[in-house]
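The values are calculated or read from the model by the stated rules, or taken from the named source; none is laboratory data. On a predicted model such as this, the values are computed, not experimentally measured, just so you know. Here the Cβ is made from the backbone with ideal geometry for all residues, glycine too, and neighbour counts use every protein chain on show.
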């Protein structure tokens, strides 16, 4: 039972995390979870306030005798990514997460767990509630709507915080201190058209389904070489058009910008005489994909089934332009950082391709630690889709967090970790986007660092958090607060 999570150690951290799993909190639905955090702060008798954006701030006074220490803010976000396996009936707007313990990890049944960033919020709440800790003045900042647009961080105004130091609790590798992250930009691409009402005589309709991919976080997992469902499906569609006279009626691939797409579906029509050969062609492609992604993807399912004829088709010239643009679109790793070996500098995630009446939308998330590289990747992608006749708009751009290896809080936390665990922590830059860079825009002199327990496969139904790493992170936070 998921309630057993509340008995894990440290008990108060897991208790608050469990509470958060019971509150539906996909991005954009923040009222219930912010009300919960506000009530929590007020029940403790702590100063609790909410800004006009919806972010919640709770202040805890210093331990007697430590009032002169620097003020520290523990920062986390309250929303979660809503991803589930296609066969599961789960409504993220109403249903709690069904979390459970499995071989030293906490995970969820067929949905995202929400440890990104529920565990960060739970760690902050535990610090606020534990009066045995020794520390200077503390603020806990709970931002909203981080996963889509980072709206909470963008809405943060100068003066709301009083802290000198920020510890972001949204990293996902225990024993590693993060001092920088990539920025990002959204590309919104659209093809507009008038439906083609003519379906060739003798055609049959087929639904092509690509499922079973791992997906994952488009920043944290982009280096793992996982398959992108949109890229794989359009690779097949190009051949199906050329070899079997296929016509595209509809397309639906991916769901969120910051999640590597796990599933994609298309309805096509083909001459009836080609139907049997197409079935073999689909099977051949499944074998091909399983061979190409052996050791990376272990459950690729590529299938075809007959369906009723659609009412209309996508015009042939739009269909061909879309297929060629998707085939030519850069996806995955584009460049690596030289100063931090093994860390991705720039990437692209072909996140969503969706058709509806007279409109096809393509959504891409570009990430880079370099503003010039980010602009270059966006320009390259814009060129591909502009040549295909699409409208391309850039939005949601945010700067990365530039590393400061001479940061005082970095030195203090390196020493603290070494003293606690007799091991030197790694210092890294994250390719995923953190709110630190945006918050730094409003608080340019704030010293920042990011930490967290071991979290695997965020933004996918395989998301899980390592139990023992939460306890180590808790001990690390306690020791750090005492030394600042």
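List of remarks:
- Test: residue in the range 12-21 that is surrounded by fewer than 19 Cβ atoms within 10 Å (Cβ to Cβ) and in a loop (DSSP other than H, G, I, E, B): no
- Set 370, 379, 407: member being free of Cβ contacts under 8 Å to residues at least 12 places away in the same chain and over 29 Å from residue 103 (Cβ atoms): 379
- Criterion: outside any strand (DSSP E or B) and either modelled with pLDDT of 95 or more or in the same structural domain as residue 374 (by TED's automatic domain parsing) (or both) - qualifying residue of 324, 349: 324
- In the set 265, 281, only one residue is assigned by TED's automatic domain parsing to the domain that holds residue 364, outside any helix (DSSP H, G or I) and either in contact with a strand residue (DSSP E or B) (Cβ under 6 Å, 6 or more places away or on another chain) or at pLDDT 95 or above (or both); that residue is 265.
- Residue check, residue 141 buried (at least 23 other Cβ atoms within 10 Å of the Cβ) and touching a residue at least 24 places away in the same chain (Cβ under 8 Å): yes
- When 177, 141 are checked against the criterion of being within 30 Å of residue 444 (Cβ to Cβ), touching a helix residue (DSSP H, G or I) at 6+ places or on another chain (Cβ under 7 Å) and not in a loop (DSSP other than H, G, I, E, B), a single residue qualifies: 177.
Conditions (1) closer than 27 Å to residue 201 by Cβ; (2) in the same structural domain as residue 369 (by TED's automatic domain parsing); (3) in a strand (DSSP E or B), marked per residue:
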site: 240; (1), (2), (3): yes, yes, no
site: 250; (1), (2), (3): yes, yes, yes
site: 275; (1), (2), (3): yes, yes, no
site: 291; (1), (2), (3): no, yes, no
site: 299; (1), (2), (3): no, yes, no
site: 309; (1), (2), (3): yes, yes, no
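- Any chance residue 179 is at pLDDT below 95, surrounded by fewer than 24 Cβ atoms within 10 Å (Cβ to Cβ) and within 30 Å of residue 79 (Cα to Cα): yes
- Condition check for residue 382: within 19 Å of residue 333 (Cα to Cα), surrounded by fewer than 20 Cβ atoms within 10 Å (Cβ to Cβ) and in contact with a strand residue (DSSP E or B) (Cβ under 7 Å, 6 or more places away or on another chain): yes
- The range 393-413 - residue that is surrounded by 19 or more Cβ atoms within 10 Å (Cβ to Cβ) and under 26 Å from the mean Cα position of the chain (by Cα) and, of those, farthest from residue 151 (Cα to Cα): 410
- Residue in the range 184-195 that is closer than 26 Å to residue 278 by Cα and in a strand (DSSP E or B) present: no
- Scan of the range 454-480 for residues that are within 16 Å of residue 417 (Cα to Cα) and touching a strand residue (DSSP E or B) at 6+ places or on another chain (Cβ under 6 Å), ordered by number: 454
- Comparison of 392, 377, 384, 366 shows that the only residue that is over 17 Å from residue 339 (Cβ atoms) and out of contact with any helix residue (DSSP H, G or I) (no Cβ under 9 Å at 6 or more places or on another chain) is 377.
Each row is one residue, and each column tells you yes or no for (1) in a loop (DSSP other than H, G, I, E, B); (2) more than 26 Å from residue 183 (Cα to Cα); (3) assigned by TED's automatic domain parsing to the domain that holds residue 465.
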site	(1), (2), (3)
120	no, no, yes
124	no, no, yes
136	yes, yes, yes
147	yes, no, yes
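- Taking the criterion of being in a loop (DSSP other than H, G, I, E, B) and either touching a strand residue (DSSP E or B) at 6+ places or on another chain (Cβ under 7 Å) or buried (at least 22 other Cβ atoms within 10 Å of the Cβ) (or both), the residues of the range 210-220 that qualify are 212, 213, 215, 216, 218, 219, 220.
- Any hit, the range 115-130, residues being at pLDDT 95 or above, surrounded by fewer than 18 Cβ atoms within 10 Å (Cβ to Cβ) and either over 20 Å from residue 218 (Cα atoms) or touching a helix residue (DSSP H, G or I) at 6+ places or on another chain (Cβ under 6 Å) (or both): yes
- Applying the criterion of being crowded, with 21+ Cβ neighbours inside 10 Å and in contact (Cβ under 8 Å) with a residue 40 or more places away in the chain to the residues of the range 227-245, the residue that is farthest from the chain's Cα centre (by Cα) is 240.
- Restricted to strands (runs of 3 or more DSSP E) entirely inside the range 425-474, those with at least 1 residues that are out of contact with any helix residue (DSSP H, G or I) (no Cβ under 9 Å at 6 or more places or on another chain) and in contact (Cβ under 8 Å) with a residue 24 or more places away in the chain are 426-430, 464-466.
Conditions tested, residue by residue: (1) in a loop (DSSP other than H, G, I, E, B); (2) within 25 Å of residue 453 (Cα to Cα); (3) at pLDDT below 95; (4) not assigned by TED's automatic domain parsing to the domain that holds residue 152.
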{"residue": "41", "(1), (2), (3), (4)": "no, yes, no, no"}
{"residue": "54", "(1), (2), (3), (4)": "yes, no, no, no"}
{"residue": "63", "(1), (2), (3), (4)": "yes, no, no, no"}
{"residue": "73", "(1), (2), (3), (4)": "no, yes, no, no"}
{"residue": "87", "(1), (2), (3), (4)": "yes, no, yes, no"}
{"residue": "91", "(1), (2), (3), (4)": "yes, no, no, no"}
{"residue": "94", "(1), (2), (3), (4)": "yes, no, no, no"}
{"residue": "101", "(1), (2), (3), (4)": "no, yes, no, no"}
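- Members of the range 160-176 that are surrounded by fewer than 24 Cβ atoms within 10 Å (Cβ to Cβ) and farther than 26 Å from residue 43 by Cβ: 164, 165, 173, 174, 175, 176
- Checked across the range 401-408, the condition of being at pLDDT below 95, in contact with a strand residue (DSSP E or B) (Cβ under 9 Å, 6 or more places away or on another chain) and at positive phi holds for no residue.
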